[in-house]
Amino acid sequence: MPLLSRAANRDRGTELFGENRSARRAVDLAVPGRPAFRGDQSPAGSEAIAQGGSQSRTRSIFFESCANPGCDSGWLHLWRSRQAPVFEGGWSCSAACTAARVSAALGRELDGRGQAQEMHRHRVPLGLVMMEQGWITPGQLRQALDAQRMAGSGRLGQWLIRQQGVSEQLVTRALGLQWSCPVMSLDYHDTEALTPLMPRLFVDAFGALPLRVAAGKLIYMGFEDRLDPIVALGVERMTGLRVESGLVAESLFVPAHARMLNARFPAVELVEVASEPAAVHVLTKAIERMRPVDSRLVRIHDCLWLRMWRRRQLGPVPDRSLIQDLICSIGLH
């Protein structure tokens, strides 16, 4: 299916030579919150490899264990002089093993696609929430609903503001009660610093607005009138940071969202394929071409998001120049 637009989407050890002689290459994962080394590799050994010492690099080539459980290349793969690519924390000894791991990850992400129902579907209508709080009268609600029905467009909250003089603050507070989420501010919103958190396409198509990163562990994510838990979960899985979602008042959200869409984002490649095998081929080719120090795949709605890190990530937000995104859509025929 075609890549989405926001307008169309309004309505997630190997032992070789005896005891104490086995070793594995340390993999510095690109995302905080994941281990910086694997197996029985010590932090000191990880640091040596990160510094690029020739002796450590030689050992890592000879003692690496392919992450593909179905790898059948035997001991010969130990002599292949490649330390990349790394996909989801595991090294692949060949393009075929990379494809096998990508295929497994793709099956995981597509499992149940099209069957998941929107969370929080049954909610108390906004007008009733506001009447319960005493913020509007039954007459105001009735008139706003009539105007909405006659116009055939517009959200109820907008009609209450325009026609009935209800404050935007009350409407936003009511939406927060309806969605059981906080109302967030735009304090400390640094647009340029936040663009590496997610591709521009998702900011545009799903109306998601990264607001700030707190303590290197938490992303505050803002939405205009409804939450999107699938987007929040996808960003959480990709970044390794917990995502806290909330609503932002329309008058603040719209200009901030426009500023973010005009900011610089990491490089991205958009691809549409006809089948799952074609998606595996495209994703594998991208990983083998770039040879990233780490890469990861998540699905957000009908989009497969592959992120690749050229070098190790040092902080909670990656350097824009060190990552490459690929967004793949599988057409439905």
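Note down the Stokes-Einstein diffusion coefficient of the range 223-290 in µm²/s, whole number, using a Kirkwood radius over alpha carbon pairs, 37 °C, and 0.692 mPa s.
Stokes-Einstein gives a translational diffusion coefficient of 216 µm²/s.
Among DSSP beta bridges whose residues both lie in the range 233-333, state the antiparallel percentage, nearest 5.
Antiparallel bridges: around 65 percent, rounded to the nearest 5.
How big is D, in µm² s⁻¹, for the range 180-265 by Stokes-Einstein at 37 °C and 0.692 mPa s if Rh is the Kirkwood radius over C-alpha pairs?
D = 260 µm²/s.
I need the P(r) histogram for the range 90-222: all alpha carbon pairs, bin width 10 Å from 0 out to the longest distance, whole percents.
Bins of 10 Å from zero give 10, 24, 27, 23, 9, 5, 2 percent of pairs.
When MET238, MET221 are ordered from fewest to most other Cβ atoms inside 10 Å of their Cβ, what list results?
Fewest-to-most ranking of MET238, MET221: MET238, MET221.
Nearest 5 percent is fine: what portion of the DSSP beta bridges confined to the range 180-265 is antiparallel?
40 percent
Using just the C-alpha positions of the range 126-179 as equal point scatterers, what log10 of I(q)/I(0) does the Debye formula give at each q in 0.17, 0.21, 0.29 1/Å?
-0.44, -0.67, -1.22
Once amide H atoms are placed 1.01 Å from N in the peptide plane, what residues at a sequence separation of 5 or more from SER245, or on another chain, have their amide H within under 5 Å of its amide H?
Those qualifying (amide H under 5 Å, at least 5 residues apart or on another chain) are MET221.
Would you mind counting up the charge near SER251? Only other residues with Cβ under 15 Å from its Cβ, with Lys and Arg at +1 and Asp and Glu at -1.
Overall, the nearby charge balance is 0.
Going by how many other Cβ atoms sit within 10 Å of their own, how do ASP294, ASP111 line up, fewest first?
Lowest to highest Cβ neighbour count: ASP111, ASP294.
The numbers here are math on the coordinates, done by the rules we state, and not lab data. Given the structure is predicted, the values throughout are model-derived calculations rather than measurements. Because the Cβ atoms are built from the backbone with ideal geometry, glycine has one as well, and the counts that use them run over all protein chains shown.
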